[in-house]
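Coordinate-derived values only; no laboratory data. What you are looking at is a predicted structure, and each value in this text was computed from that prediction instead of being measured. Cβ: placed from backbone, ideal geometry, glycine included. Neighbour counts: every protein chain shown.
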Amino acid sequence: MVSFESDYIAGAHPEIIKRLTETNLEYLPGYGTDHYCESAKEKIKKAVGRDDLDVEFLVGGTQTNACIISTMLADYEGVIAAKTGHINAHESGAIEYTGHKVLALPEKEGKINAADLERFLIDFFADSSHEHMVIPGMVYISFPTEYGTLYTKKELEAISKVCREYSLPLFIDGARLGYGLMSKSNDVTIGDIAELSDVFYFGGTKVGALCGEAVVFTKNNRPKHFINSIKKRGALLAKGRLLGVQFDTLFTDDLYFKIGEHGIDMAEKMKEIFRARGYEFFIDSPTNQQFIVLENSRMEKLKEDLAFSFWEKKDETHTVVRFATSWSTTDEDLKALETALDK
């Protein structure tokens, strides 16, 4: 069976496995203080084009979101996010578990817009009883979104402007950042991401690594004693080398961006396969996640040969499913997809 279930179903890019093997017997200090972590941080700064950044490594996306949000918010604050945002819909209440509420906004194709954000803030502070409510303390968005869509530079600039006006940090979840940046429809650079946000991360787990996310604080705003806070939350990896070696490899010879480009190329080929056979797309995603509407009996039949993800029910007889490509997707995988669709 060929799987398009997600972009982290395979282990890791061969170059990463190679480097982990080559460095396996080196004796290195723990908790991210080794020279591979330091090298990776410098390479990430170079990739962004700035040396005034603070970079830290965490293990997974939910852990990263919870650590960033809970350390940057005051105890009376919550985080604004799209209703469909990962922290609101698919993280099992991880943010609420830290004592902070997710303040959900309406979205369109996974994206919030600056006008809705500003309206929410105006209405909130116009309420004379707002001191009895959860104060908005941060704005969270994903690039790409949960629906594989992208914010344009203009949209990001507008959201960032509202955040500045209300002194709210803008946090960009970059779990799939590599695929977003390399999308043929994207007009946002990594420099734009760093300029317009207060914190973002390069997702590794879904972009070729075994695990790991590289968090980048962009405004000299890394929370005080951030490592202590990570440890307090049980998120400090003793063998920090595991993250350092992986990100040092990902940011050598542009491997991170090459992985993103490959995933996009495979997704574009996949779209043509579905389009040529008359399948309905639920949304026009320009990234590595493709959402297809299937009649339920057809969906069950395809499950015999293909693995893919349930996304949502469209109606009583149709279901939206997700097919994802990644660094590990091959032309042979796509050929198997064609064969299954043609049965």
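Roughly how many nanometres apart are two label points built 7 Å out from the Cα toward the Cβ at Glu155 and Ala89?
A separation of 1.4 nm, rounded to one decimal place.
So, in nm, how far is label Ala10 from label Tyr97 when the simple model puts each one 7 Å beyond its Cα toward the Cβ?
It is 3.0 nm.
For Leu25 and Asp253, what does the FRET efficiency come to when R0 = 25 Å and r is the distance between their Cβ atoms, rounded to the nearest 0.05?
Details: r = 24 Å, r/R0 = 0.97.
It comes to 0.55.
What is the distance in Å between the Cα centres of the range 319-340 and the range 94-171?
A separation of 34 Å, based on Cα centres.
Rank the residues Leu294, Leu177, Leu121, Leu25 as a footprinting-exposure proxy: fewest other Cβ atoms within 10 Å of their Cβ go first.
Details: Leu294 21, Leu177 26, Leu121 18, Leu25 6.
Ascending Cβ contact count within 10 Å gives the list Leu25, Leu121, Leu294, Leu177.
Over the Cα atoms of the chain, what is the Rg over Rh ratio if Rh follows Kirkwood? Provide the component values of the computation, followed by the final result.
Values: Rg = 20.4 Å, Rh = 20.9 Å.
Across the chain, the Cα-based Rg/Rh ratio is 0.98.
Quick one: which residues, 5+ away or cross-chain, put their amide H under 5 Å from the amide H of Leu103? H built at 1.01 Å from N.
Correct list: Val79, Ile80, Ala81.
Pop out the ³J(HN,Hα) list for the range 273-290 in order, Karplus 6.51 cos²θ - 1.76 cosθ + 1.60 with θ = phi - 60°, rounded to Hz; leave Gly and Pro as x.
Calculated HN-Hα couplings, in order: 4, 5, 5, 5, 9, x, 6, 8, 8, 6, 8, 8, 8, x, 10, 8, 9, 10 Hz.
Treat the count of other C-beta atoms within 10 Å as a stand-in for reagent exposure and order Met133, Met299, Met266 from fewest to most.
On the way: Met133 13, Met299 18, Met266 22.
With the sparsest Cβ surroundings first, the list reads Met133, Met299, Met266.
Amide H neighbours of Ser3 under 5 Å, counting only residues 5+ apart in sequence or on other chains, H built in-plane at 1.01 Å?
Placed amide hydrogens put Ala307 under 5 Å from Ser3.
Enumerate the calculated ³J(HN,Hα) couplings along the range 54-61 in order (Karplus 6.51 cos²θ - 1.76 cosθ + 1.60, θ = phi - 60°), each rounded to whole Hz, writing x wherever the residue is Gly or Pro.
The phi angles translate into 10, 10, 9, 10, 10, 8, x, x Hz.
Which ³J(HN,Hα) values in Hz, rounded to whole numbers, follow from the phi angles of the range 121-133 under the Karplus curve 6.51 cos²θ - 1.76 cosθ + 1.60, where θ = phi - 60° and Gly and Pro get x?
Each residue of the range 121-133 in turn: 5, 4, 5, 4, 6, 7, 6, 5, 9, 5, 6, 9, 10 Hz.
List the residues, sorted by chain then number, that are 5 or more residues from Glu280 or on another chain and whose placed amide H is less than 5 Å from its amide H.
Val293
Give the order of Arg164, Arg241, Arg19 when sorted by the count of other beta carbons within 10 angstrom, beginning with the fewest. Don't jump to the answer; show the numbers that get you there.
Numbers: Arg164 13, Arg241 25, Arg19 19.
In order of increasing Cβ crowding within 10 Å: Arg164, Arg19, Arg241.
Under 25 Å from the Cα of Lys184, which lysines turn up, not counting those fewer than eight places away in the same chain?
List returned: Lys43, Lys45, Lys46, Lys108, Lys111, Lys153, Lys154, Lys206, Lys258, Lys269, Lys271, Lys335.
Given the range 14-253, what percent of its DSSP beta bridges are antiparallel, to the nearest 5?
On the way: 11 of 25 bridges.
Once the DSSP bridges in the range 14-253 are tallied, antiparallel ones form about 45 percent.
What percentages, rounded to whole numbers, describe P(r) for the range 5-150 computed over all alpha carbon pairs with 5 Å bin width beginning at zero?
2, 8, 13, 15, 17, 15, 13, 8, 5, 3, 2, 1, 0
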